[in-house]
Amino acid sequence: MTRILGIETSCDETSAAVVEGTGDAARIRSLVILSQDVHRIFGGVVPEIASRAHVTAVVPVVEQALRDAELMLAEVDAIAVTHAPGLVGALLVGVSFGKALAFAAGRPVVGVHHLEGHLFATALEHPDAVPPFTALLVSGGHTLLIDVPAWGEYRLLGGTRDDAAGEAFDKVAKLLGLPYPGGPHVERTAATSEGANPHRFSRPMLRRDQRPGDADYYDVSFSGLKTAVLHAVRAAGDGLPDRERAHIARAFQDALVETLVEKTVRAVARHRRPRVVLGGGVACNGALAAAMRARLAGRGTTVYAPSVRLATDNAAMIARAGLFRFERGERAPLSLNAFASLPIPGLLPASHDPR
Ligand code: KG4
Ligand code: ZN
């Protein structure tokens, strides 16, 4: 049995967690997440403020995670820390602190790629959400369709050409006069749309004649959809009525969800995967999970979505991915650095041949 202390500071959540176990039989012993509310005032994450807030929070958050786990630092086997990708100043806080802690405790440090963490998150709650699977990672910063034949083997199938899915939700929320972060507000507003919807936005990346091997077969794009929302809001004139706001929110969400679902279904079919694993903040969207399940029902493919706590950024997923890397014998040198962008480790060639 191995115990990993995970630390996550890549964006605006300061998080620490202890995960223990062996391989897929790992469980969360503690998880502390401190969200930086301050960014709501600015309508987005301000990198410099995020870094400073991590500096203030990281020590008490890690101490609380150890206290909740009823463990001393000496009782953990290794420290896993997110070292890429993300806001480099924010990442550096976690990386520097993780390394110092590891050095002081005489424990190894393991560097974890944030996106690999998201791939492991759902498995902490659903023991069957393990490879082989098709992953759809949709957050404020990422929109990726990944084929996962095994842990540590990742085939990037597609991504966004412009805005990330969460970013599209946030921008549309702003256009509709809803607060940041916009996803949950847009979802709630869309749910109040009643009767026939006068709006239907096009799905440009869903041409029927797309074939595997075409550059846009798995890719998505949301900037056109955002512009369509802008035009609809302008056409409504001053003082957008609630009913119209709800219809626009619903039409936007329908177009985005249908696009993501169809692209995922293509990947599932191509690689014959029995499972779909959702991750990232947009995986909290109930309409997305419901549409994915409805579309895949009867195909023998099970859809797994994490709870809100594990869908959004958290250190439990970092500790879990760190456990995987630790068990494989990986140890980071004390020169471990933070990177704003870095390819996910274990990339398979982007071949279209099923495996
Ligand atoms: O994974 P996450 O917490 O942080 C990033 O790494 O970006 O994702 C945050 C994103 C935000 O864009 C937020 O609007 C979106 O996830 N989000 C949602 C929902 N809940 C959060 N989007 C759609 N529907 C939701 N219910
Ligand atoms: Zn994330």
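The values are calculated or read from the model by the stated rules, or taken from the named source; none is laboratory data. Note that the coordinates shown come from a computational prediction; the quantities given were computed from them, not determined experimentally. With ideal geometry, Cβ positions are generated from the backbone for all residues, glycine too; neighbour counts draw on all protein chains shown. The accessibility values were calculated without ligands, DNA or RNA, using every heavy atom of the protein model including side chains. Shrake-Rupley method; radii C 1.70, N 1.55, O 1.52, S 1.80 Å.
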For region 8-59, enumerate the residues that are in contact with a Phe, Trp or Tyr (Cβ under 9 Å, 6 or more places away or on another chain), away from ligand 1 (no atom under 16 Å from the Cβ), not in a helix (DSSP H, G or I) and not small (Gly, Ala, Ser).
Asp24
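Within the bounds of region 222-231, is there any residue that is open to solvent by less than 70 Å² (accessible area, probe 1.4 Å), within 30 Å of His271 (Cα to Cα) and in contact (Cβ under 8 Å) with a residue 60 or more places away in the chain?
Looking for residues that are open to solvent by less than 70 Å² (accessible area, probe 1.4 Å), within 30 Å of His271 (Cα to Cα) and in contact (Cβ under 8 Å) with a residue 60 or more places away in the chain, one finds at least one in region 222-231, hence yes.
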Determine which member of the set Arg328, Arg320 is away from ligand 1 (no atom under 12 Å from the Cβ), open to solvent by 40 Å² or more (accessible area, probe 1.4 Å) and either at pLDDT 95 or above or more than 19 Å from the chain's Cα centre (by Cα) (or both).
Arg328
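Can you name every residue in region 273-313 that is β-branched (Val, Ile, Thr) and either part of a loop (DSSP other than H, G, I, E, B) or within 17 Å of the chain's Cα centre (by Cα) (or both)?
Those that are β-branched (Val, Ile, Thr) and either part of a loop (DSSP other than H, G, I, E, B) or within 17 Å of the chain's Cα centre (by Cα) (or both): Val276, Val277, Val282, Thr301, Val303, Val308, Thr312.
Each row is one residue, and each column tells you yes or no for (1) under 19 Å from Arg331 (Cα atoms); (2) in the same structural domain as Phe252 (by TED's automatic domain parsing); (3) within 15 Å of ligand 2 (Cβ to nearest atom); (4) surrounded by fewer than 24 Cβ atoms within 10 Å (Cβ to Cβ).
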site: Ile79; (1), (2), (3), (4): yes, no, no, no
site: Phe103; (1), (2), (3), (4): yes, no, no, yes
site: Val110; (1), (2), (3), (4): yes, no, no, no
site: Val138; (1), (2), (3), (4): no, yes, yes, no
site: Arg161; (1), (2), (3), (4): no, yes, no, yes
site: Val172; (1), (2), (3), (4): no, yes, no, no
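Residues are listed down the side, and each one gets a yes or a no for (1) in contact with a Cys (Cβ under 8 Å, 6 or more places away or on another chain); (2) outside any loop (DSSP other than H, G, I, E, B); (3) among the aliphatic types (A, V, I, L, M):
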{"position": "Arg207", "(1), (2), (3)": "no, no, no"}
{"position": "Ala215", "(1), (2), (3)": "no, no, yes"}
{"position": "Lys226", "(1), (2), (3)": "no, yes, no"}
{"position": "Leu230", "(1), (2), (3)": "no, yes, yes"}
{"position": "Ile248", "(1), (2), (3)": "no, yes, yes"}
{"position": "Thr264", "(1), (2), (3)": "no, yes, no"}
Which residues, counting only those in region 144-157, are in contact with a helix residue (DSSP H, G or I) (Cβ under 6 Å, 6 or more places away or on another chain) and either open to solvent by 10 Å² or more (accessible area, probe 1.4 Å) or not assigned by TED's automatic domain parsing to the domain that holds Thr264 (or both)?
Trp151, Leu157
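Within region 174-203, count every residue that is open to solvent by less than 30 Å² (accessible area, probe 1.4 Å) and within 16 Å of ligand 2 (Cβ to nearest atom).
1
Residues of region 180-195 being near ligand 1 (Cβ under 10 Å from one of its atoms) and part of a loop (DSSP other than H, G, I, E, B), which ones?
Tyr180, Pro181, Gly182
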Of (1) touching a strand residue (DSSP E or B) at 6+ places or on another chain (Cβ under 8 Å); (2) surrounded by 17 or more Cβ atoms within 10 Å (Cβ to Cβ); (3) touching a residue at least 24 places away in the same chain (Cβ under 8 Å); (4) within 19 Å of Ile146 (Cβ to Cβ), Val265 satisfies every one except (1)
